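One structure is given here, and the rest of the page talks about it.
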Amino acid sequence: MDITQFHEITEQLFNDIEQQLDNYAEQFDTDIDYETHGNVISITFENKSKIIINTQEPLLQIWMATRKQGYHFDFKDGDWYCSRSGISLKQLLDESVKDQINS
């Protein structure tokens, strides 16, 4: 993947994440605030905990920091997967959002 492809893929990913955050807020009847600034999405929950998702352009990765752990994701087979566990970004975001809403 080259830088142009990386930007196209991550732009779509960020749009998908924003839509999913709106779905989470509705599903869990909670406020989830998020701001996107360039290559960073900052997600803030009612309890003031945060999740930060950002691109790491030199590494062609996505990084996610939650209150419990940090993750690095590589793009393969059309999706983003954790470089350590192999779990998809979507699944880990899902688990992290639920954890932070319920904390």
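Every read-out reported here was derived from the displayed coordinates using simple, explicitly stated rules and does not represent laboratory data. As the structure is a prediction and not an experimental result, all values here were calculated from the model. As a convention, Cβ positions derive from the backbone with ideal geometry for all residues, glycine included, and neighbour counts pool all protein chains shown.
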Within the chain, which is the longest segment containing none of the trypsin sites (Lys or Arg not before Pro) that sit in a DSSP loop and have at most 14 other Cβ atoms within 10 Å?
-> 1-47
How long are the three semi-axes of the equivalent ellipsoid for the range 49-99, computed from the Cα gyration tensor as the root of 5 times each eigenvalue, in whole Å, largest first?
-> 18, 13, 8
Residues other than residue 69 with Cβ under 12 Å of its Cβ, Lys/Arg counted +1 and Asp/Glu -1, net out at +1
How far is it, in nm, from the label point at residue 57 to the one at residue 26 when both lie 7 Å from their Cα along the line to the Cβ?
-> 3.4
Describe numerically, in nm with one decimal, the distance between label points set 7 Å from Cα along Cα→Cβ at residue 84 and at residue 67.
-> 1.9
Rule-of-thumb Rg ratio for the range 3-101 [Cα; 2.2 N^0.38 Å; N residues] | 1.02
Hey, what angle do you get for helix 89-101 against the long axis of the chain, alpha-carbon based, 0 to 90 degrees rounded to 10?
-> 20
